[in-house]
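This report refers to the structure that appears directly beneath it.
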Amino acid sequence: MTAASTPRRIIILLGMPGVGKGTQAQFIAETYHLNHIDTGQALRAEIALVSELGKQAQSYMNQGQLVPLPVVMEVIKAAIVRTSDTQAGILFDGFPRNAEQAEQLAQIAQDLSLCIDQVLYLETPQAILMDRLAYRQTCSQCDAKYNSKLHPPKQPGLCDTCHTPLTTRPDDRPEVIENRLKAYETETAPLIAYYEAQGLLKRINANQSMETVFRDIRQGLTPLFQSAGPVGA
Ligand code: AMP
């Protein structure tokens, strides 16, 4: 991606772990033709590759703590370089996650002559998130998502579509989930006020069906994209 031909939009998804950012990110990226950058996913890919970045990130992730800034920024910058200019912009999912990351993003946006268009804050009561995370299962083959309590597969432990055994993330253990929620409260939640003060925050009630959540997201995003031309729904 070059400064002269950069995608135009920056949209940020903010919210507690387990609130449904990943699901909504897929809908949003597809509907509005955005490059989707998911830092958690990108870090897990580095761990799978046993790369130097992955090795540096792993112990923090396994304990539910935020990965240090230099590691995250290296992953982010590599992901930005890989974005496609044919897309309308970038959707950040899981980044920024604290004030210093937000400052880094503001600098990147300035360097690339972009501005942050909207920060979608998915809100939900914390009480319901424990079940969503602790019972979460993913198909390692096709990435289909299940929840062994709330949305179980037909055969326990096997993907409905490709019958591959389902996996649980190492950081979805109850004690690690607690740390992740604490890290969110202390480090990430202050970004709500930060972006609200800039007039960029759009609050979305995430305690609804995923279709209804996406309908509410569309109400905010569609006018934004229409005002810029024919891109998007
Ligand atoms: P997620 O997949 O978004 O739930 O992220 C999983 C884990 O990856 C988090 O608990 C952190 O350890 C790490 N992580 C993801 N994004 C970031 C980020 N922007 N800054 C620091 N750590 C991150």
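Database remark: amide H of ARG8 closer than 5 angstrom to the amide H of GLY89 (H placed geometrically; neighbours at sequence offset of 5 or more, or on other chains; Pro and chain starts carry no H).
For the stretch 149-224, the square roots a ≥ b ≥ c of the C-alpha gyration tensor eigenvalues yield an a/c of 1.5 or more together with a/b not exceeding b/c, which makes the shape oblate. With the whole protein complex present, LEU34 retains an accessible surface near 10 Å², based on a 1.4 Å probe.
Hey, if you put +1 on the Cβ of every Lys and Arg and -1 on every Asp and Glu Cβ in the stretch 1-135, which of VAL72, ASN62, LEU14 ends up farthest toward the positive end of that dipole? Toward the positive end, the furthest listed residue is ASN62. In this structure, the residue pairs whose Cα-Cα separation is over 30 Å, taken from LYS55/LYS202; LYS55/LYS182; LYS21/LYS149; LYS77/LYS145; LYS21/LYS77; LYS77/LYS202, are LYS55/LYS202.
The values are calculated or read from the model by the stated rules, or taken from the named source; none is laboratory data. Predicted model, so just to flag it, every value in this text is computed and none were measured. Because the Cβ atoms are built from the backbone with ideal geometry, glycine has one as well, and the counts that use them run over all protein chains shown. Surface accessibility is based on the protein's heavy atoms, side chains included, excluding ligands, DNA and RNA. Shrake-Rupley method; radii C 1.70, N 1.55, O 1.52, S 1.80 Å.
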